[in-house]
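For reference, the structure is listed below as structure tokens.
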Amino acid sequence: MKEKYTFSDLVKVMEKLRSPEGCPWDREQTHESLLKYLIEEAYEVVDAVLKGDDEELKEELGDLLLQVVFHSQIAKERGAFTVEDVIDSITRKLIFRHPHVFGGKEGIKSAEDVNREWEKLKEKEGKKRESSLDGIPKSMPALERAYKLQKRAEKVGFDWKDFKGIKEKIVEELQEIEEELKRGDREKLEEEVGDLLFMAVNLSRFLGVHPEIALRKANEKFEKRFRYMEKRAKETGKELKEMSLEEMEELWQEAKEREEGGNI
């Protein structure tokens, strides 16, 4: 074992794992089979950042880096590209997209200035979009993709004028859900619920709140309160499923009060 391993060592280890003398599981993997791990590792990096745990972040960034090296090794075996090509590509892109840092371009002093130049630079790269919505991955989680779609529409001026308009539209979507409940058309009901969720994202974006962050916090709040309810129920010798809705509501309010007081 070395005292300190380098990026080059990681690449060599992956080459060995993928070799005939390597690991059977690693040899069987493909770009497609690794996708679930790539997504999972990215989310674990997010969790580590939100926890503020540097040791965990270091470990999770390593796991994410492994995915990049893994995919690059598979591509190398196909004769497509190498990890060095990946590094070369992203380095060139960074230099090209930051002419105010590497090219002596003046007049770019804020993040807003950078964003205004972004599309111009992409056109020079030969990536002119046919639609303002091009480039948003369809495999992206639906909540995040809705936000990205709306942000792109906002850039060309297709947006709500005020909060009142969004509020009225949300009420309208709720009414349409109620109508579909009466009709009993499940497919149409699913569509209307989707419209309501899309409008909830619109409201969040319009107010300058990122919906993913807001929903993540709501999830954590619900989980904390629900776990408290389960604990309190057990203290009375019951399970939540044995309680009435009224009893559970009492525990929910108790959890809410304790949380506001910083006691859970």
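Laboratory data are not the source of any read-out in this text; all were calculated from the coordinates shown. Given the structure is predicted, the values throughout are model-derived calculations rather than measurements. Ideal geometry is used to build each Cβ from the backbone, glycine not excepted, and the neighbour counts take in all protein chains shown.
Details
- One residue alone among 32, 41 is under 26 Å from residue 144 (Cβ atoms) and surrounded by 13 or more Cβ atoms within 10 Å (Cβ to Cβ), and that residue is 41.
- Any hit, segment 62-81, residues being of a type in the set (Ser, Thr, Tyr) and loosely packed, with under 12 Cβ neighbours inside 10 Å: no
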